[in-house]
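One structure below.
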Amino acid sequence: MSGPLRVHAGRNPVAVARVGFSIPRSQGSAVVRNRLRRRLRALLQPQLQQLAGIDLVVVAAPGAAAATSAELGLHLARSLEAAVARLRCAGDEAPAATASGARAAVAAHNGLTTAGPPAP
């Protein structure tokens with residue numbers, strides 16, 4: 001999937017979600033990379049309970065640091081849905097609420113609806 005983010009998912013043996021971030025130096029200085037990591041963590045936080053038992057690695061591609069939080073949220077939701085779908089295709093049963101609700105949860109976090117622009 002193209003975009004500034006990729007998400008890799010796999011099952012873990014514990015009942016909590018574990019998330020790792022890969023943000024290369026090409027994104028910018030340590031300040032820029034850490035800011036991007038904090039923004040991504042804040043976007044994922046509301047969904048962690050739904051993702052229990054899944055390991056995630058979020059990989060930032062060029063341009064991720066320059067994206068707005070709304071853009072990052074939408075790219076993250078799409079990438080997360082794709083990763084969960086791949087996990088299901090691999091024979092692992094992923095939580096049903098994750099794929100269907102990821103985009104809505106991120107949009108709600110950003111104050112957006114999934115069908116239109118930000119609410120005033």
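Tallying residues that are without any contact (Cβ under 8 Å) to a residue 24 or more places away in the chain, in contact with a strand residue (DSSP E or B) (Cβ under 9 Å, 6 or more places away or on another chain) and among the hydroxyl-bearing types (Ser, Thr, Tyr) within region 35-90 yields 0. For region 18-58, a residue qualifies if it is touching a helix residue (DSSP H, G or I) at 6+ places or on another chain (Cβ under 7 Å) and farther than 16 Å from Glu81 by Cα, and the qualifying residues are Phe21, Ile23, Gln27, Arg33, Leu36, Arg39.
Residues in region 51-80 that are closer than 16 Å to His8 by Cα and either at pLDDT below 90 or assigned to a strand (DSSP E or B) (or both): 10 in all.
Of the residues in region 39-49, none is in a strand (DSSP E or B) and either among the aliphatic types (A, V, I, L, M) or at pLDDT below 95 (or both).
The values are calculated or read from the model by the stated rules, or taken from the named source; none is laboratory data. As the structure is a computational prediction, the values presented were derived from the model and not from experiment. Backbone-built Cβ (ideal geometry, glycine too); neighbour counts: all protein chains shown.
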